[in-house]
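Below is one structure, written out as structure tokens; the observations come after it.
Computed from the coordinates by the stated procedures, all read-outs in this text should not be read as laboratory data. Keep in mind the model is a prediction, meaning the values are calculated, not measured. Using ideal geometry, Cβ is built from the backbone for each residue, glycine included, and neighbour counts are taken over all protein chains shown.
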Amino acid sequence: MKTLLVMLACGTALLGAAVRGDAPAVTPLGMYLTSLSAPARLAADVVGNLYVVDPLAGNVIVFDAFGRVRASRSGLGRPLGIAVDSQGRIFLGAEKSGSISVYDAQWNLLYKLGAGDGEFGLPNYIAIDPASNTVFVADSAANEIKVYSGTALVNRFGSFGSLNGQFDFPAGVGVSAGGEVWVVDQNNDRVQVFDRSGVYLRQINFRSGMFSDRTGRRQGLVLDKAGHFFVADSFQGTVTAYDTATGAAYGSVGSFGVLAGEFNLPAATAIDPYNRLYVASTGNGRVEMFGLDKYIHLTMEPPTPVVAAGTAIVFTAIAGGQGPFTFQWLRNSVPLSDGGSIGGATNGVLTITGAGTTDGGAYSVIVTGPAGTITSSLAQVTVQIPPAILAGPAGATVLRGARVEFSVAASGDNPGYQWKHEGLELPGETNSTLVLTEAQTFNAGLYKVIVKNDAGSVVSPPALLTVLVPPQIMEFLGIAMLPEAPSVLTLNSDPGASYELDVTTNFTDWVLCSTFTNDTGTMDLTDPDSTNAVKRYYRFRWLPPSPAP
């Protein structure tokens, strides 16, 4: 059974200037590290999936609500801004092409915004109005916000400058539940607020501690449902919470550093449906998580969609805020109860010990508290029997040019195979049998096969292939026969090889005369039993070396 480790801290209200509402309670929940290099943009969808953009690596990694890698998209040209609408469509900006591509949930390209490539100078941040699915794009290079309905550009507002409604590198955009459009005006060190049509409403000016007002590098704004907004400050290495009505700061989430809960170049923020705040810490190569006020934190161990039969599955749901809370876990929408391998069906931690294939399914949890009830997204789990090798490949000693076949017998669900020669993968050799049609000397060596499925892998014992090369020269050069003396044969053959000399008088009954190793190429060999023999015939044969044990 794997150990579940969840980082928790008591929810702490941020302290700062006097504000209208309550400061948000913030609880550190851990981090995402898997497959991340320098994450720089974030988006959360309506079911709790987190989309992490890694521009330098050219990919997008998708985590589900339980923290498992759900999908990935690679080979992208410096992806930047990202957003996901209520229908699951993915809007992804690309710096190289200056475009925003729109994909369905399976990453099939649907269309591009506006003219496609070249539509944007720098499609840095994207926000979607949940009421209308209108798309707002912060084009940082053009110093404007571009607005799209479907594929069409329907509005644009902003220009370069420091007056109301002007921008100096817009680096964050969000749409509130009331339809206000919030824009981080980075180099003017402020947030400006507009209505849906782009009419300027008001602004919130920032200060940067002991520094002047214009030294901040704020970006990546996100708004919650409790009247707060959060902005990352890459220069200070913090995320600050503000009151949306007054603009007063509550205080900072995290601080500069490399430890858990600390940031190095925070560049983006996102909040999922479970009120978890995510911060892309670009310089630390990770995404930090925090619970805000009333939140639900979901984890699963092991953190994979496929688990090995016989291992334990552990789900955890942590509810933040004022309780009490009740929990009900479900599989395939059917409530679970304790008994057999199931424990904690109505607790925060559900444990399934010695999981079998029938324990697979779609898991979720219903959490009920004083403020109401929330049902988590589904965590699809498949339980597989891991592979095991029943019979491994056998070694062989063959002549050059011979056909060689290695085979492995394995058990387990849907096993896959990968053969290796001297530790290197053999491209395309992914069947249970490996065939060498004409073995050559370079084929000699150790062969292994990895048998794997999503639940695990196993490596076969090694099989040694020895490829023998017969001598190229084998000939009698002459024979000296003297009366009352043994015959002396002169032979020529490949030096370094071993041979057998046989003799017969009738070409039927051959008798071993001697075995020898030819060290020189041409050599003389004496037959001591040949004195005065009337008829005596000779042959010599190559003796292949014995295979190594």
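What to note about this one:
- Gyration tensor verdict on the range 474-543 (Cα atoms; rounded if a/c is under 1.5, prolate if a/b is larger than b/c, oblate otherwise): oblate
- Cα-based values for the range 225-335, radius of gyration first and Dmax second, are 17.2, 56 Å.
- All other residues whose Cβ lies under 9 angstrom from that of Lys420 are scored, Lys and Arg at +1 and Asp and Glu at -1, for a net of -2.
- Electrostatic tally near Arg156: other residues with Cβ closer than 9 Å to its Cβ, Lys and Arg +1, Asp and Glu -1, net -1.
- Largest to smallest principal axis extent of the C-alpha atoms in the chain, angstrom: 127, 61, 44
- Computing Rg and the Kirkwood Rh from the Cα coordinates of the range 316-405 gives a ratio, Rg/Rh, of 1.41.
- Cβ-Cβ FRET estimate between Ala177 and Thr382, R0 fixed at 60 Å, reported to 0.05: 0.95
- In terms of surrounding Cβ atoms within a 10 Å radius of their Cβ, Glu438, Glu95 rank from fewest to most as Glu438, Glu95.
- 10 Å binning of all Cα-Cα separations within the range 409-465, expressed as whole percents from 0 upward: 23, 54, 19, 4
- Per-residue Cβ neighbour rank within 10 angstrom, fewest leading, Tyr537, Tyr278, Tyr32, Tyr200: Tyr537, Tyr200, Tyr32, Tyr278
- Under 14 Å from the Ser162 label point (7 Å along Cα→beta-carbon), backbone N, the range 171-203: 186-190
- A crude spin-label estimate for the pair Asp494 and Ala152, with each label 7 Å from Cα along the Cβ direction, gives 8.1 nm.
- Local electrostatic count at Leu110 - Lys and Arg +1, Asp and Glu -1, tallied over other residues with Cβ under 15 Å: +1
- Pairwise FRET efficiency - Val458 versus Gln322, Cβ, R0 = 60 Å, nearest 0.05: 0.75
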